[in-house]
1. Ordered by packing density, taken as the mean number of other Cβ atoms within 10 Å over each peptide's residues, highest first, how do 131-144, 152-165, 22-35, 256-269 rank?
2. Can you tell me the orientation of helix 181-190 relative to the chain, as the angle in degrees between its alpha-carbon axis and the longest Cα principal axis, to the nearest 10?
3. Near the amide H of T272, under 5 Å away, which other amide H atoms are found, from residues 5 or more places off or on another chain, if H is placed in the peptide plane?
4. Through the Karplus equation 6.51 cos²θ - 1.76 cosθ + 1.60, θ set to phi - 60°, convert the phi angles of the range 213-222 into ³J(HN,Hα) values in whole Hz; use x for Gly and Pro.
5. Please arrange M67, M211 by how many other C-beta atoms lie within 10 Å of their C-beta, fewest to most.
6. Would you calculate, for the chain, the mean residue ellipticity at 222 nm contributed by helices, counting each DSSP H stretch of 4 or more residues as -39,500 (n - 2.57) and dividing by all residues, to the nearest 500?
7. Using the alpha-carbon centroid of each, what span in Å lies between the range 216-236 and the range 74-95?
8. Among P37, P180, P102, which one shows the highest mean-square fluctuation when the chain is modelled as a Gaussian network with alpha-carbon springs under 10 Å?
Amino acid sequence: MSSFTNYEDVSNSYDVYRRAGNMDLLIGMTTQLTGKPLKEMSVLDAGCGTGNYAQSLLDAGLGRITMMDGSDGMLTTARMKTANYKSIAEYRLARLPQLPFPDESFDVVMFNQVLHHLEDTSKFDSRYPIVRETLAEATRVLKKGGVIVIDTSTHNQVKHGFWFYPVLGITEVYKHRFPPVPMLREVLKNNGCSTVQSYVQTERVLMDYSMYSDIEGSLQPTWRRADSGFSQATPEQIQWFCQKIINMKNENTLKAFFDECEQERLTFGQTTTIFALK
Ligand SMILES: C[S@@+](CC[C@H](N)C(=O)[O-])C[C@H]1O[C@@H](n2cnc3c(N)ncnc32)[C@H](O)[C@@H]1O
């Protein structure tokens, strides 16, 4: 269960605007580091959401996948989408940091855009205890020679990679939900992972690009469900956000604003993917 986004609500619209991204990197790095072809690999998708990554891996010939999520709605959608695939080991409704699986069960454990949902900000602790516990669990359920994959955003990516966070005025608060990448690398190394590599694909956008670039679309509540940053904002911040968009529209400056933001996004990117070999 996310500590701030209601995924039972979001599960109905998530697939309208979100797709699996960086599949070439994901498949390339996991096959290279594990030394196994995809068809012999066993993957745990922790925080699988509606199963977009799972489905793409299955389409690419993955051997076996376990899908786990804390939201019944998200997992139900994942189950419906992947019902006809033969390589599903299990769908598991469970809440991180626990991973209710035996030791050394998987070749790959992946967390795609999940870790920033874990800490409870009402009791926010900058040591990120739940994230640390989650990664300890991931290491436990990973086979020797297996790989942990974390797809997340750095604080600079939160600041410069998304046009809407600064307009919403949440950047400085929201960025702290994302465990700092140097900390993640250190925790993975302390857990015994030998190789820890991180990659930024600057061209990758988390949302469907036609939606991301539709600034006026953000006046609609459905559009704003596309990114959990909006569920971090207060009603007043959302109201201010909409007013700023309307003002830019009236001044005919939306395109210039977006073009300027794109320069920054293409410099910093939106996401960082970490691969750690046990
Ligand atoms: C941004 S979505 C990412 C979904 C999927 N990995 C993807 O990239 O399309 C975050 C997912 O993490 C799940 N999640 C958040 N906190 C969780 C927790 N404590 N335990 C299990 N799942 C959690 C949510 O239910 C949601 O499906």
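1. Details: 131-144: 19.6, 152-165: 21.2, 22-35: 16.9, 256-269: 14.5.
So the order, starting with the most tightly packed, is 152-165, 131-144, 22-35, 256-269.
2. Relative to the chain, helix 181-190 is tipped by roughly 10 degrees.
3. For T272, the qualifying residues are T152, S153, T154.
4. So the Karplus estimates, Gly and Pro as x, are 7, 8, 4, 4, x, 5, 6, 8, x, 4 Hz.
5. The fewest-first ordering by Cβ neighbours comes to M211, M67.
6. Numbers: 15 runs with 120 residues, N = 278.
Only helices count here, giving -11500 deg cm²/dmol.
7. Between the Cα centres of the range 216-236 and the range 74-95 lies a distance of 28 Å.
8. Taking springs between Cα atoms under 10 Å, the residue moving most is P102.
Just so you know, all these numbers are worked out from the coordinates, no wet-lab data involved. Everything numeric in this text was worked out from a predicted model, so none of it was measured. With ideal geometry, Cβ positions are generated from the backbone for all residues, glycine too; neighbour counts draw on all protein chains shown.
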